[in-house]
Structures are given as structure tokens and as C-alpha cells.
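Notes for the one structure printed next.
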Amino acid sequence: MKALVYISRLEHFNAAHKLYNTAWSKDKNIEIFGKCANENWHGHNFELTVTVKGAPDPETGFVVDFKKLGMLIREEVIEKVDHKNLNVDVDFLVGKMATCEVFAVEIWKILEEKLAKSNESCRLHCIKLVETPGNYAEYYGESI
């Protein structure tokens, strides 16, 4: 019987966004989103934790090499979002509401696909995206 181990990698980035539904009036957007609907955007110091799971390799003891996981996250996500406007500059969020929740799901889609194509035997377990010290979203790949 193999042990199932969960490992996590933490990355930081900064980005701006605006929460605004173009189908609504300016007043309704302000009512629903408050300061987050600011016409001139607002920013966050995000923390992204990516957790994968798998059995440690008998030769290396790794579920996945932390360095390789970090490179994958930086290449596929961080380089695309760091110091960017999420609503305007990030291709995988175009046409989507740039909430923490939606952002976490989109990151999952990218990393799940890339991990599946890699030679790594681990699977994605959780995306945790911290927007502020008190607000974060977690996504486990589940649908309802």
C-alpha cells in the first residue's frame, strides 16, 4: 500500500482588477461590488498555494520536485498575471468576471492540463488563492 502525500507550493504576485458587470448600471455595480467596482481599478498582493497529491517516488522520495512545480506555476500562471490588470492583460480571464473565485478555477484549468501532460505522477488537489489576509478562495476541481 502506497502513502498518499499532499505537498504545496506558495507563490506571490501583485495584480489589479475591477469587479464590474457591464449588463448592470453603474449604481448597481457600486451597490453590489462597492469599492471593488472602482472605475480606476484596485490591486491586491495575492498568495497562490498549489497543492498536489501523489505517492512519493521510491527512488527520490518526491511526490513532485518542488523546484519543478514552482517553475510550472511561475511559467504558466505567475508570469501571465504578475503586475498585470486581470481584466485587460490576462488572456485566460478575458470575458470573465475577475473575482477570486473565477480566477482560482481558471488557474486550476491551466495547471491541471499542464500536470496531466507532464511526466509527473502527481495530481492537482487544491488551488488556494488569497486576495487579502481575510479573503480567499479554494477550488478542488469539483462541480455542482
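For the pair Tyr140 and Trp24, label points projected 7 Å from Cα toward Cβ lie 2.9 nm apart.
How much length would be gained if the chain were fully extended between Asn119 and Ser8, taking 0.36 nm per residue of separation minus their Cα-Cα distance, in nm to one decimal?
38.1 nm
Per-residue 3J(HN,Hα) values for the range 27-44, derived from phi via the Karplus relation 6.51 cos²θ - 1.76 cosθ + 1.60 with θ = phi - 60°, read 4, 5, 4, 5, 4, 7, 9, x, 4, 5, 8, 3, 4, 9, 6, 7, x, 9 Hz in sequence order (x marks Gly and Pro). Amide hydrogen proximity for Asn85: with H placed 1.01 Å from N in the peptide plane, the residues at 5 or more positions away or on another chain lying under 5 Å are Ala16.
Its Cα centre serving as origin, the range 5-139 has a Cβ charge dipole (Lys and Arg +1, Asp and Glu -1) of approximately 140 debye. Taken as Cα centroids, the range 79-134 and the range 60-77 sit 15 Å apart, rounded to the nearest whole angstrom. Once C-alpha pairs closer than 8 Å and six or more residues apart are averaged by separation and normalised to the residue number of the chain, the relative contact order reads 29 percent. The loop-placed trypsin sites (Lys or Arg not before Pro) in the range 1-50, going by DSSP, that have at most 13 neighbouring Cβ atoms within 10 Å of their Cβ come out as Lys2. Loop sites here are GluC sites (Glu not before Pro) outside DSSP states H, G, I, E and B with no more than 16 other Cβ atoms within 10 Å. The longest part of the chain free of them is 60-141.
Around the amide H of Leu19, modelled in the peptide plane, lie the amide H atoms of Ala37, Asn38, all under 5 Å away and 5 or more residues distant in sequence or on another chain.
Applying a DSSP loop filter and a limit of 16 other Cβ atoms within 10 Å to the trypsin sites (Lys or Arg not before Pro) in the range 47-144 leaves Lys96.
Projecting the Cα positions of Ser25, Ser8, Leu129 onto the charge dipole of the range 5-139 (unit charges on Cβ atoms of Lys, Arg, Asp and Glu, taken about the Cα centre) puts Ser25 furthest along the positive direction.
Throughout, read-outs are computed from the coordinates displayed, never taken from laboratory work. What you are looking at is a predicted structure, and each value in this text was computed from that prediction instead of being measured. FYI the Cβ positions are ideal-geometry reconstructions off the backbone, even for glycines, and counts take in every protein chain you see.
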